[in-house]
1. May I ask you to list the residues in segment 3-49 that are crowded, with 20+ Cβ neighbours inside 10 Å and among the aromatic types (Phe, Trp, Tyr)?
2. Identify all residues within segment 50-77 that are open to solvent by less than 40 Å² (accessible area, probe 1.4 Å), within 16 Å of the ligand (Cβ to nearest atom) and in contact with a strand residue (DSSP E or B) (Cβ under 6 Å, 6 or more places away or on another chain); write none if there are none.
3. Does GLN34 satisfy the criteria of being farther than 25 Å from ARG140 by Cα and touching a strand residue (DSSP E or B) at 6+ places or on another chain (Cβ under 7 Å)?
4. Could you tell me how many of the residues in segment 78-87 are away from the ligand (no atom under 13 Å from the Cβ) and either over 26 Å from ALA126 (Cβ atoms) or surrounded by 12 or more Cβ atoms within 10 Å (Cβ to Cβ) (or both)?
5. Do any helices (runs of 4 or more DSSP H) lying entirely in segment 88-154 carry at least 2 residues that are modelled with pLDDT under 95 and within 16 Å of the ligand (Cβ to nearest atom), and which ones are they?
6. Restricting to segment 108-125, name every residue that is open to solvent by 10 Å² or more (accessible area, probe 1.4 Å) and in contact (Cβ under 8 Å) with a residue 12 or more places away in the chain.
Amino acid sequence: MTYFEDLTPLVGSPLESSACLAVGWLEPEYAYPQGPLQPFVVERLIELLVDPWQPFVYMGTHDCGFCRLTGGPCQFTYGNTSIQMKVNNLLVPFEQHVFVAPSLIRHYMDAHQYCPPQEFQEAVLACPPMRSVAYLKAIRRIVPRDVLCGTKSGGRLDQQRM
Ligand SMILES: [Zn+2]
C-alpha cells in the first residue's frame, strides 16, 4: 500500500525530496481526480513507459488497490505496445520538479478513470525522449545527487537507529 497525494513529496520513500513530486499513487481510501483524457497525452505517456529510466532505488512492486481480487494486470497492452506494470516508476522532468509516477498510472487512467494533474500532462508532452541525453540531463539538473544515488534516505535511517 503506497499512497501519496498528487503533487506532494514522496515522504518516506527513497525519492523523498522537495524536487520530486508524486503523481498517480492512488489507494481506494483516498479521493482522486477523474475525467476525460486527451489521446495524444495517453500515447506519449505510453511511449515513456515502455522502458522508463529510473535510479537504482526502487519503491517495490505496487498492486492496484481498486482491483481487489487480482491487484491489477502485470502487463498492459495498447495497440502494438506492451508495458510492464507494477515494478517500474516513471520520472518526468518539468521546470524545477520531477514527477514520479508508478507504471500503474496507465491502468488507473484506463480502468479507474484517473485524470492526472494538468502539470503532469504538460510534462509528459514536453518530456525529452526516454533515456536520451537531454532527458538524463534534465533529471540530474533537478534532483539532488544524494537523492538520485539513494544515499540520502539510507543515511537518515542510520541516524535514526543511533
Ligand atoms: Zn485496478
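The values are calculated or read from the model by the stated rules, or taken from the named source; none is laboratory data. Keep in mind it's a predicted model, so treat the numbers as computed, not measured. Ideal geometry is used to build each Cβ from the backbone, glycine not excepted, and the neighbour counts take in all protein chains shown. When the accessible area is computed, the model is the full protein with side chains, heavy atoms only, and any ligands, DNA or RNA have been set aside. Shrake-Rupley method; radii C 1.70, N 1.55, O 1.52, S 1.80 Å.
1. Selection gives PHE4, TRP25.
2. Across segment 50-77, the qualifying residues are HIS62, PHE76.
3. yes
4. The total comes to 6.
5. Correct list: 105-111.
6. Once the filter is applied, which keeps residues that are open to solvent by 10 Å² or more (accessible area, probe 1.4 Å) and in contact (Cβ under 8 Å) with a residue 12 or more places away in the chain, segment 108-125 yields MET109, ASP110, ALA111, HIS112, GLN113, CYS115, PRO117, GLU119, GLN121, GLU122, LEU125.
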